[in-house]
Amino acid sequence: MTTALTKAVIPAAGLGTRFLPATKAMPKEMLPVVDKPAIQYVVEEAVGAGLHDVLMITGRNKAALENHFDRMYELEQTLEAKGDREKLRKVEYSTDLADMHYVRQGDPLGLGHAVLRAKMHVGREPFAVLLGDDIIDPRDPLLSRMTEVYERRDATVVALLEVPASQTHMYGVATVEETEDDDVVRITGLVEKPPQGEAPSNYAIIGRYVLKPEIFEVLEHTAPGKGGEIQLTDALLELANDESSGGVYGVVFRGRRYDTGDRLDYIKAIVQLAVEREDLGVDLRPWLREFAANLD
Ligand code: G1P
């Protein structure tokens, strides 16, 4: 029997320099995707998969994150007094969403180091890691499928996406073997951001992981890798090579994913999500068609 998952860890300590000057005084995780900060989609996803205990790994300049998931008395009272139930509901929703915890990363030593900062909070339990740059459409559940695979195999599980060869240099890339499940592969090799043309496959890790507590021991001795940073990918490779760990499996995601990691993808994500919204799509769709038709 595997231990049930209850905890999610969300690394959110990055400086977000790709979005300067927007991120000079505001965390990139607070950038709105339509009308909701990017980070709220990710917390909603964790909660949707039954993970109500959320630990965020933050850093300097991240106070807005804590404020967003905390009560806002003045605002709530003002909306209450006005009788604006609709807006009050929106304000209260993010407060009540999850049981939020925070720890600072301290030194910016990489994703592996950020995850290691969760050790005290997580203890000897399995946990999920969700990276904020990826938004997974709630209609295409990924994390719950990964949890199922973890429970069945008692193994570490990562999310994989087949990407064009021109994009593999931006991801951790896996060498895989098929399993009897059409959407599950066994990972035999991993390389963090391989140079263009040198990727072992098109299977890129997207930012969802189900990890066993053994990862902490591995991260404690993982040497700095790509970019001089402690890479989660390197720690996962060690587990993949260690039979006694249960191995590492990949769930191949074929659903809708929105990348908010760079400016162009961020703009696309907003448009894609907005056209699907009941309150905005009706007006946005015809406008977009006309706008696109007039582009040269
Ligand atoms: C991180 C990981 C990488 C993974 C990616 C997914 O990189 O190191 O292995 O493929 O997230 O988004 P980052 O994008 O934080 O540089």
HN-Hα couplings for region 163-171 via Karplus (6.51, -1.76, 1.60; θ = phi - 60°), in whole Hz with x for Gly/Pro, come out as 10, x, 4, 5, 10, 4, 5, 9, 10
Put +1 on the Cβ of every Lys and Arg and -1 on every Asp and Glu Cβ in the chain; which of Ala155, Val33, Thr3 then has its Cα farthest towards the positive end of the dipole? Val33
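When a/c reaches 1.5 or more, the comparison of a/b and b/c decides; with that in mind, is region 50-114 rounded, prolate or oblate per its Cα gyration tensor?
Taking the square roots of the gyration eigenvalues as a ≥ b ≥ c, region 50-114 is prolate.
At 37 °C and a viscosity of 0.692 mPa s, what translational diffusion coefficient does Stokes-Einstein give for the chain, taking Rh as the Kirkwood radius over Cα pairs? Give it in µm²/s as a whole number. Could you put the intermediate results ahead of the total?
On the way: Rh = 20.2 Å.
In µm²/s, the coefficient rounds to 162.
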Using θ = phi - 60° and the Karplus form 6.51 cos²θ - 1.76 cosθ + 1.60, what ³J(HN,Hα) does each residue of region 126-134 get, whole Hz, x for Gly and Pro? x, 7, 9, 10, 10, 8, x, 6, 9
Square roots of five times the C-alpha gyration tensor eigenvalues of region 1-96, ordered largest first and given in whole Å, equal 24, 21, 11
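Do any GluC sites (Glu not before Pro) in region 120-192 lie in a loop, going by DSSP, with at most 14 other beta-carbon atoms within 10 Å of their beta carbon, and if so which? Write out the running numbers ahead of the final one.
Numbers: sites: Glu148, Glu151, Glu162, Glu177, Glu178, Glu180, Glu192; in loops: Glu180.
Answer by residue number: Glu180.
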Computed magnitude of the charge dipole of the chain (debye, nearest 20; Cβ of K, R +1, Cβ of D, E -1): 780
Report the dimensions of region 27-152 along its three principal axes from the alpha-carbon atoms, largest first, rounded to Å. 49, 35, 26
Report the Rg/Rh value for region 72-224, based on alpha-carbon coordinates and the Kirkwood definition of Rh. 1.07
Net charge dipole size for region 1-82 [Lys, Arg +1 and Asp, Glu -1 on Cβ; Debye, nearest 20]: 420
Given the C-alpha centroids of region 1-52 and region 261-296, what is the distance between them in whole angstrom? 23
Coarse-grained scattering of region 208-251 at q = 0.17, 0.25, 0.28 Å⁻¹, given as base-10 log I(q)/I(0) from a Debye sum over alpha-carbon atoms: -0.45, -0.91, -1.08
Cut-off 10 angstrom, C-alpha nodes, Gaussian network model of the chain. Which of Leu236, Leu280, Leu31 fluctuates the most? Leu280
DSSP loop trypsin sites (Lys or Arg not before Pro) in region 115-154 with at most 15 other Cβ atoms within 10 Å of their Cβ, which ones? Arg124, Arg139
Can you tell me how region 166-296 classifies by the Cα gyration tensor, rounded, prolate or oblate, using a/c under 1.5 as the rounded cut? prolate
On a straight-distance basis, which lysines could pair with Lys82 in a cross-link, Cα separation under 17 angstrom, same-chain partners fewer than 8 positions away excluded? Lys90
With Glu76 itself left out, Lys, Arg at +1 and Asp, Glu at -1 over residues whose Cβ is under 12 Å from its Cβ give 0
Take the residue pairs Lys87/Lys119; Lys24/Lys212; Lys7/Lys226; Lys28/Lys226 and return only those whose Cα atoms are more than 32 Å apart. Lys87/Lys119; Lys24/Lys212
Apply the Karplus parameterisation 6.51 cos²θ - 1.76 cosθ + 1.60, with θ equal to phi minus 60°, to every residue of region 13-21 and state each ³J(HN,Hα) to the nearest whole Hz, in sequence, with x for glycine and proline. 9, x, 7, x, 5, 5, 10, 5, x
For region 253-296, which trypsin sites (Lys or Arg not before Pro) pass both filters: DSSP loop (anything but H, G, I, E, B) and at most 16 other C-beta atoms within 10 Å? Arg254, Arg256, Arg277
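Computed from the coordinates by the stated procedures, all read-outs in this text should not be read as laboratory data. All values derive from a computational prediction rather than experimental measurement. Heads up, the Cβs are rebuilt from the backbone with ideal geometry, glycines too, and the neighbour counts pull from every protein chain shown.
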